[in-house]
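What follows is calculated from the coordinates using simple rules that are stated; it is not laboratory data. These figures come from a predicted structure and were not determined experimentally. Every residue, glycine as well, gets a Cβ built from its backbone with ideal geometry; the counts of neighbours run over all protein chains shown.
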Amino acid sequence: MPQKQEQVKSAHVCLIVGEDEFSATTAARERIDRFVPPADQTLGLEIIDGQADTIDQALACLRRCLEAIRTVGFLGGRKAVWLREVDFLSDPVVGRNKEVQETLQTLAGTMAGGIPEGHMLIITALKVDARTSFYKACVGNGEIIEFNLAEKPWQRDSGALTFAMHAFKDAGLQAGNELIESFVLKVGTDTRQIMQEIAKLATYLGDRRAVQAADIETITSISRDLFAWDLEDAVGKRDLRRALTVLRQLLFQREEPLRLITGLEARFRHLLILREALDNRWITAQPMGHDNFRLILADLPEALAEQFKQALASEKGTPLHPFVAGKLAGQATLFSRPEIDQRREWLLAARRQLVSSAVPGALILEYLVLKLCRTRVTRERTGEISRTRA
C-alpha cells in the first residue's frame, strides 16, 4: 500500500527545472491539460508568478502557493496549481533568507504529507540547488523533469537541429536538412526563438509549404550569438559567404580582431598537422555525411602515434574530441600543403598589420577571410574529398 500511495503522490507533484524555458513551459502545459481539461481551466487552474526580486515578493508567492494548494477546487472539481518560472530558489540572497527557507520547508512538508485529493502542483524553475531539503522533498514525493542545455556548443547545435527538424514537420513546412541547419545557424539554439521564427516563416509563406533559402534570409532574424570557432569552421570549409556573415556578426558582438586571428592561426596549425598526416597516409578522413568525418589512424609505431596525438592536443594539453578531430581532418582534405603554408603567412602578415598600422581591424579581417576562402586552384590526390569553394 505505501508504494501505491507514493505513486499517486508522484503523479500530482512535479518539479520541472532547466535553462530550456520553452521546453519546461511546454511540459508543464501538457501535464496541466491532461489533469484539468482546457475548458475547465478558468476555475480549475491557478497560476502563481514565481519571479521575485525581493524577499517579500518571494514570501508572498510561496504563501499564495500554499494557500492555493490547501483551497478546495470549485465544486470539488480538480485543481492545478502552477508556481511558474521561479527564479529565487538559487538566488544567494533571496533564496537563502531564513524566512524564505522556512516557508519552503512548509511547502516541502505539505508535499511530503500528500497534497489534497484532486489537486496537482506544478513548479517550473530555472535552477534549484539539489542539496536543499526542498529539492529532496520534490524527489521523494514527486516527479523531477530536467531540461538543461548541453554544456558543449556543438551539442547544443545538434539538439537545436533535431528540435527544429521536428518543429518544421509539425508546422507542415518542407525543408531539407541543410536548409534547416542554415536556419538554426541564423536564429540560434533557443527553442522558444526557434518556434517563433518558424511561426513567422509559416505566416510569410502563406499557402506555400516548401521553404527556400531566400525565405530564411528574408524573414528570419539573426538571434544567435556566434563564437570564434564558428568563423574557424566556416574558413576551414572554405565557405566564403558563411565566413563573411559570421565575421560581421562577431565584430558586431565586439569580438577582438586579434583574438579572431589567434583562433584562425590555431585552426591552420591543426590543419597543417592533419594535412601532413594525410599526405603520409598516417590517417584517413572517412566521410560520415553532413560535413562530418571520422578520423581513422593507421597502424603506426607507438612513439609516432603518441607524438601525433600530442601535436593535435588543445592549448590546455587535452586531446581533441573524436568528433572535432574528424571534423578538422575533413577540413584538411580541402587544402593542399602549399595552400596551408600560404594561409599561415597571410595570418602572420594580418597580425602584424593589425598591431602596427592604422587600418581598421574589420577591414583587415574581411580582406584576410576573402583570401583564406579563395577558390581552390588544385585538386587533391585521388581517393580524398575534393570541393571547390567560391
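Look at the alpha carbon pairs under 8 Å that are at least 6 residues apart: their mean separation over the length of the chain gives a relative contact order of 14 percent.
Per residue, the average separation of C-alpha pairs within less than 8 Å and at least 6 apart gives region 142-196 a relative contact order of 37 percent. Ranked by the mean number of other Cβ atoms within 10 Å of their residues, highest first, the peptides 208-217, 329-338 come out as 329-338, 208-217. Put simply, when 190-203, 141-154, 227-240 are sorted by average Cβ atoms within 10 angstrom per residue, most first, you get 227-240, 190-203, 141-154. Summarised in one figure, the compactness ratio Rg/Rh of region 216-255, Cα atoms and Kirkwood Rh, is 0.98.
With a Förster radius of 56 Å applied to the beta-carbon distance between residue 112 and residue 311, the computed FRET efficiency rounds to 0.45.
Using R₀ = 45 Å, calculate the FRET efficiency as 1/(1 + (r/R₀)^6) where r is the Cβ-Cβ separation of residue 279 and residue 362; round to 0.05. Step by step, r from the Cβ atoms, then E = 0.80. Normalised by residue number, the volume inside the convex hull of the Cα atoms of region 143-201 is 88 Å³ per residue. Both radii were evaluated on the Cα set of region 90-212; the Rg over Rh quotient, with Rh as the Kirkwood radius, amounts to 1.16. Each Cα pair of region 44-84 feeds into the Kirkwood radius, which the Stokes-Einstein equation turns, at 37 °C and 0.692 mPa s, into a diffusion coefficient of 307 µm²/s.
Here, region 177-273 is characterised by an Rg to Rh ratio of 1.05, where Rg is the alpha-carbon radius of gyration and Rh the Kirkwood radius. Under the simplified labelling scheme, the residue 70-residue 152 pair shows an inter-label distance of 5.0 nm, with each label point 7 Å from Cα along Cα→Cβ. Pair-distance distribution P(r) for the chain, from all Cα-Cα distances in 20 Å bins starting at 0: 22, 40, 29, 8, 0 percent. Taking 7 Å steps out from each Cα toward its Cβ at residue 222 and residue 177 produces label points 2.7 nm apart. Cβ-Cβ distance of residue 375 and residue 269, R₀ of 25 Å, FRET efficiency by 1/(1 + (r/R0)^6): the value works out to about 0.60. Secondary-structure-derived ellipticity at 222 nm for the chain, considering helices only, amounts to -18000 deg cm²/dmol, per-run term -39500 (n - 2.57) for DSSP H runs with n ≥ 4.
When only the Cβ of Lys, Arg, Asp and Glu is charged (+1, +1, -1, -1), the dipole of the chain relative to its Cα centre reaches about 1020 debye.
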